[in-house]
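The values are calculated or read from the model by the stated rules, or taken from the named source; none is laboratory data. These numbers come from a predicted model, not from an experiment. When we count neighbours, we look across all protein chains shown, and the Cβ atoms used for this are built from the backbone with ideal geometry, even at glycine. Side chains included, ligands, DNA and RNA excluded: accessible areas come from the protein's heavy atoms. Shrake-Rupley method; radii C 1.70, N 1.55, O 1.52, S 1.80 Å.
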Amino acid sequence: EAQVTQNPRYLITVTGKKLTVTCSQNMNHEYMSWYRQDPGLGLRQIYYSMNVEVTDKGDVPEGYKVSRKEKRNFPLILESPSPNQTSLYFCASSFIGGTEAFFGQGTRLTVV
Amino acid sequence: AQRVTQPEKLLSVFKGAPVELKCNYSYSGSPELFWYVQYSRQRLQLLLRHISRESIKGFTADLNKGETSFHLKKPFAQEEDSAMYYCALSMEAGNTGKLIFGQGTTLQVKP
């Protein structure tokens, strides 16, 4: 089944403890993106990647890192999480020239 | 700056009533506009895009460049339409990797 898979789905962590949220797609998409969803703010883009080894900042990149070493994977790294990064995170992928972005199931992160 | 605005956080209607979810955007170029929907416990999925000019699940949306709007409409709401709806903008045709989303509107259709 063609899909975008995120892990974990739920995560509670403590301030300052490094964590990684994984994202994988099996559709051979070039574009991959990370968004965070917060009440009243909608989805805001954190980072996106146009292809392997090509990444760029979105609207809210502070406190996050990404890497794109393989086409199918686009992990989101929080080196030192803080409570203001408590949010619902979505990964998405799409073709260059495509008509639709495909989203993962979401990862609910709580930083205490 | 580019922006998408959905003025209503919650829209509550009765089954069979008409629905209009508002979306306004600010962008000086030629945007591509989308509506995405998120049903309870499901992932975000594309509902429709302005370029295709199609009707999906009875929903339509027309891009009005003069008013910079892309409102989503349905003549008769159904209970299964209850969901969160997001309007989104792409500044480049064919670039769905970088979308700007509105704040979202929760549609509640009451029986």
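Structure summary
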read-out	value
Distance (nanometres) between label positions extended 7 Å along Cα→Cβ at A:Thr99 and A:Asn26	2.4 nm
Fraction of accessible area attributable to carbon and sulfur, chain B (%, probe 1.4 Å)	49 percent
Per-pair calculated FRET efficiency, R0 = 30 Å: A:Ile77 and A:Ala2 via Cβ, rounded to 0.05	0.70
For segment B:49-59, 3J(HN,Hα) per residue [Karplus equation, 6.51 cos²θ - 1.76 cosθ + 1.60, θ = phi - 60°, Hz, x = Gly/Pro]	10, 5, 5, 6, 6, 10, 10, 10, 6, x, 8
Residue-by-residue Karplus 3J(HN,Hα) for segment A:80-90, coefficients 6.51, -1.76, 1.60, Hz, glycine and proline x	9, x, 10, x, 6, 9, 5, 5, 9, 10, 10
Spacing of the two label points (7 Å from each Cα toward its C-beta) at B:Ser26 and A:Glu62, in nm	2.1 nm
Cα-based Rg of chain B normalised by 2.2 N^0.38 Å, two decimals	1.01
Cα coordinate range in the protein assembly as shown, projected on the principal axes (Å, largest first)	49, 37, 35
Accessible carbon and sulfur surface of chain A relative to its total accessible area, %, 1.4 Å	52 percent
Debye log10 I(q)/I(0) for segment A:11-74, one point scatterer per Cα, at q = 0.22 Å⁻¹	-1.00
Length-normalised contact order for chain B - Cα pairs under 8 Å, 6+ apart - percent	38 percent
Spin-label pair B:Glu92/B:Thr60, simplified geometry with 7 Å Cα→Cβ offset, distance in nm	3.3 nm
Interface A:B - total buried accessible surface [probe 1.4 Å, Å², rounded to 100]	1800 Å²
Cut-off 12 Å between beta-carbons: net charge of the residues surrounding B:Glu20, Lys and Arg +1, Asp and Glu -1	+1
Neighbourhood charge, 9 Å Cβ-Cβ cut-off, centred on B:Thr60 and excluding it, Lys, Arg +1 and Asp, Glu -1	+1
Convex hull (Cα only) mean projected area of segment A:5-112, reported in nm² to one decimal	6.3 nm²
Contact order relative to length of chain A, as percent, for alpha carbon pairs under 8 angstrom and 6 or more apart	36 percent
